[in-house]
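Every read-out reported here was derived from the displayed coordinates using simple, explicitly stated rules and does not represent laboratory data. These numbers were taken from a predicted model, which means no experiment stands behind them. FYI the Cβ positions are ideal-geometry reconstructions off the backbone, even for glycines, and counts take in every protein chain you see.
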Amino acid sequence: MADVIVHDPALCTGCRQCMTACSFKKYGTYNYNLSLCKVLEDPRGGFVRVHCHHCTDPMCKAACPAGAVLKDEETGVVTIDQMLCVGCKACTYACPISIPQMGRGLKIMVKCDMCGGDPECIKVCSSKAIKLMSREQADALVSEMAARPFVPATRPIAGANKA
Amino acid sequence: MKELYPWRKAVKIPLPPAVKPQLIRHFTIGLLYPVTDELREAREKAGLDPVPPTAHRYRDAVDDIQKIVRAIGVDRNVGLDLDRMEYKYK
Amino acid sequence: MTAKYSHFLGCVMPTKMPWAEAAIMRTLPKLGVDVVYLERSTCCPRAGVWISVDRRVWLTLASFNLLQAEQQGRDVLVSCNGCYVTLFEANKVLNADPKALEEVNKYLGAAGLSYHGNIRVRHYLEVLYEDVGIERIRREAKKLTGLRVAIHPGCHMRIWADGHILRYFTEIIDALGVEIVPYGLEQMCCGLQSNLADREFATYERAKKKLDAIQETEVDGLVLVCAGCYDQFERAVSTLRKKDNYDFKVPVIHLAELVAVAFGMTPDEFGMRYMRTAPVDRLIEKLERITGTARLPAELAAATENVPR
């Protein structure tokens with residue numbers, strides 16, 4: 001099974017460089033609305049990143065009436081076939097985090113396709129908040145992140161101010 | 001061409017609009033910001049040379065940059081005319 | 001063998017922060033670091049832009065800057081986080097990948113140049129902390145006790161998994177005896193990158209949020225080392241002042257200025273008063289009071305007479 005993207009909110013600075021890189025890769029311009037991943041503000045402080053997890057049993061695939069959502073068994077990447085999609089948005093409503101979005105140009109749905117295995121967003125992240133790792137490693141890291149107490153990324157930097 | 005073929009779509013440069021003016025400045029003066037009179041004064045007051053020892057002072061560095069850019073051919077790819085310093089397509 | 005450095009200025013530092021440039025170039029020799037200007041330097045160029053547009057341009061133009069230092073027989077000292085990431089990553093790629101180096105040299109050959117990749121790229125903080133030594137700074141620096149500052153490290157300072165540059169930043173400020181006041185949004189980006197996509201977002205959602213939080217803490221200054229972040233703050237402050245009449249009273253200062261003052265320079269020696277986003281007179285007064293170099297009112301009036309704005 002291929003890799004997935006994991007985001008660590010404790011490291012993210014919210015610079016949105018991944019979003020500009022994504023929209024440039026897909027549309028040749030810098031536009032947050034066209035980006036297929038989103039970095040949003042966590043109401044508790046810090047940032048969360050919303051991106052496709054390429055689920056093992058994707059809801060979007062189950063919901064698609066046209067059979068346009070495909071899961072590659074070998075790489076694990078979930079993609080939407082441009083020629084089959086009818087743009088009904090069923091996948092957006094079925095997805096727990098509403099990943100597929102209406103694309104620009106053709107009235108069909110688009111979503112993250114991992115840039116063919118070499119995601120552009122990973123390359124530009126300076127704070128190393130997004131990482132590419134195998135599903136098993138990702139599971140371990142995410143459960144470790146879930147277990148640690150919530151510290152907003154906006155905490156004072158450790159060791160800075162002892163007084 | 002617009003008058004002859006009104007149905008043709010304009011050529012789109014694969015470059016974000018925000019980057020276009022930055023590239024022109026990069027390839028004409030070597031850096032993003034020019035040296036102004038206010039800056040010369042402030043630099044002298046800080047005890048520095050009025051013109052920094054960057055490409056601002058060494059014009060040949062800009063020529064080298066332009067030669068390199070031409071060799072890579074990226075000026076053609078983004079539709080930038082290096083002699084006139086303007087984009088061929090809007 | 002002591003390392004010799006060429007200081008890579010970048011775009012913003014020589015044109016917007018002459019005080020920081022002067023502070024770095026005057027303090028480091030005092031601390032026993034051999035530093036000269038990296039001459040004929042151009043834009044670093046911005047990795048975030050060029051990696052996506054054309055990777056070859058990024059590598060070639062970065063190596064154009066690196067080879068100026070190589071010709072001088074020196075390592076590169078970078079004080080801007082953005083330039084550091086660009087040059088450091090490019091140097092890493094060129095060292096690890098002979099094919100990339102060969103391709104870069106093919107393009108550099110058009111200008112009659114070549115790069116061999118025998119130098120290091122180091123951050124200003126690394127040089128201060130490792131070469132000068134944190135112990136020496138702790139021991140010899142005049143303590144600026146009573147100064148309260150907010151810090152903005154910047155995104156690109158985090159490229160190391162162990163976060164050592166980030167740690168150096170706070171430790172050096174601590175070593176100068178300056179109190180760091182937390183304001184809650186230290187980790188947030190300044191918004192420079194967002195400028196390319198959405199200027200409103202960059203100004204209001206990123207920079208203004210930080211400025212608001214910093215203003216509330218009533219600190220003496222906002223300390224940073226990244227020239228790119230300074231550029232963004234300066235732009236945001238002037239935009240907000242014009243548009244919303246928003247006045248940001250906290251001066252944005254470079255760490256090198258504090259280091260310079262702690263090692264015995266007076267603020268006027270490196271032109272601290274000119275080209276600022278906010279008036280620094282109160283900060284200078286405070287610094288002079290702390291270091292005991294305060295001057296007579298008449299002298300002060302003469303010095304501040306020609307201050308623009």
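Residue by residue through C:22-32, how many Cβ atoms from other chains fall within 10 Å of the Cβ on average?
1
Roughly speaking, what % of Cα-Cα pairs in the stretch C:82-185 are separated by over 17 Å, rounded to a whole number?
Distances greater than 17 Å cover 64 percent of the Cα pairs.
With the calculation restricted to Cα positions, what are the radius of gyration and Dmax of the protein assembly as shown in angstrom?
Here Rg and the maximum Cα pair distance are 24.9, 83 Å.
Taking Cα atoms, how many degrees apart are the long axis of helix C:81-96 and the longest axis of chain C, rounded to 10 and kept between 0 and 90?
Tilt relative to chain C: about 20 degrees.
Inside 10 Å of the C-beta atoms of B:47-59, what's the mean count of C-beta atoms belonging to other chains?
So the per-residue partner count for this stretch is 6.
Can you list the equivalent-ellipsoid semi-axes of chain B, largest first and in whole Å, using the square root of 5 times each Cα gyration tensor eigenvalue?
35, 15, 9
Per residue of B:68-78, how many C-beta atoms from partner chains lie within 10 Å of its own C-beta, taken as a mean?
5
Which value, to two decimals, describes the C-alpha radius of gyration of chain C once divided by 2.2 N^0.38 Å?
Relative to the rule-of-thumb radius for its length, chain C sits at 1.02.
For the stretch C:141-304, what class follows from the C-alpha gyration tensor (a ≥ b ≥ c being the square roots of its eigenvalues): rounded when a/c is under 1.5, otherwise prolate if a/b is larger than b/c, else oblate?
Judged from the Cα gyration tensor, the stretch C:141-304 comes out oblate (a/c at least 1.5, b/c at or above a/b).
As I understand it, the value is the acute angle between the Cα axis of helix C:227-244 and the longest principal axis of the Cα atoms of chain C; what does it come to in degrees, rounded to 10?
50
Would you work out if the stretch C:4-124 is rounded, prolate or oblate? Take a ≥ b ≥ c from the square roots of the eigenvalues of the alpha-carbon gyration tensor; rounded if a/c is under 1.5, else prolate when a/b is larger than b/c, oblate otherwise.
Prolate shape, in that a/c is at least 1.5 and a/b is the bigger ratio.
Once the Cα atoms of helix A:17-27 and of chain A are each reduced to a long axis, what angle between those two axes, in degrees from 0 to 90 to the nearest 10, is obtained?
It works out to around 20 degrees.
Lysines within cross-link reach of B:Lys67: Cα-Cα under 21 Å, excluding same-chain residues under 8 positions apart?
Those lysines meeting the cut-off are B:Lys20, B:Lys88, C:Lys106.
Could you work out the relative contact order of chain A, using alpha carbon pairs under 8 angstrom and six or more residues apart, expressed as a whole percent?
Relative CO of chain A lands at 30 percent.
Determine, for chain A, the count of lysine pairs separated by eight or more sequence positions (or lying on different chains) whose alpha-carbon distance falls under 18 Å.
19
Let me know the whole percent of all Cα-Cα pairs from chain A that are separated by more than 19 Å.
In whole percent, the long-distance tail amounts to 59.
In the calculated pair distance distribution of the stretch C:146-220, what percentage of Cα-Cα distances lie above 20 Å?
When all Cα pairs of the stretch C:146-220 are counted, 40 percent exceed 20 Å.
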